[in-house]
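In what follows, a structure is listed as structure tokens, so that the remarks can point back to it.
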């Protein structure tokens, strides 16, 4: 079984988005789509509620339930819940479709695809079922690990300071790192399913054999990259706010709230333009974020499979 380089796997998302910048934006738009559609559908309802004063400071302070917030309008409440549930369902579907597309993009190398590797077929069904099984199993293991850790922590609480604190911290770190290492192994199952064109629970698990520590290290590197990217985007956002706000004091919450509330009245065109301009970088950020935590594990599967060519991807692109 071939091994892999942690840094090579961590760089794979940057290679993929560098080769396919438009695909990254499209993937982000697909991820954002359910939320945007829901917001568009609910705008008339939100407008009616705002006109009735449901979102005023007094109403929000007094509201302790959805019935109070919606002024007792059960039809509005049901409509809101329906669209919210639909958005969640479409969001999960979009996540599965984009995840499969990113995996295809990694497996395809430099081969292009006019549909941005987006499909709805058996591969997506396999990824969805594998993801559901992995999620349920991981939650169960997490619950058991946390309960055991809490039980051991209670037993260790009888020790004198500082040993009980040090042992509890060590126990927490062991549980956290153990779960992260397990998640690293499980992250190979979806790419393996697309590679082998089956529900590759066994194949994906075997591909992680002997790589547990490397996969743990890969996850830690990816988390550090995500933090760095988040800081960079937040810095750019603050600079844009300073430029557009004209001396706005970001340390004064009241000033920020007043400025945001005045935008629709003072500069509606500016607000609409900002929303349109921000849609592209936000879509890219969503696409990159999903790529960051998907592409490295597709790279590991491609490297670990060795001579087994991803025939499913090759056939789809011809």
What ranking, highest mean first, results for peptides 195-205, 144-154 when packing means the other Cβ atoms within 10 Å averaged over each residue?
195-205, 144-154
I want to check the label-to-label distance for residue 231 and residue 183. Put each point 7 Å from Cα in the C-beta direction and report it in nm to one decimal.
2.1
So, by mean Cβ neighbours within 10 angstrom, what's the order for 221-228, 281-288 with the highest one leading?
281-288, 221-228
Which order, highest average first, do 7-19, 129-141 follow once you tally other Cβ atoms within 10 Å for each residue and take the mean per peptide?
7-19, 129-141
Nearest-0.05 FRET efficiency for residue 221 and residue 141, computed from C-beta distance (R0 30 Å):
0.85
Computed D for region 84-162, Stokes-Einstein, Kirkwood radius over alpha-carbon pairs, 4 °C, 1.567 mPa s, to the nearest µm² per second, is 81
Taking only Cα atoms of region 113-237, what ratio of Rg to Rh do you get with Rh as the Kirkwood inverse-distance radius?
1.10
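Just so you know, all these numbers are worked out from the coordinates, no wet-lab data involved. Because the structure is predicted, anything quoted here is derived from the model rather than measured. Note: ideal-geometry Cβ built from the backbone for every residue, glycine included; neighbour counts use all protein chains shown.
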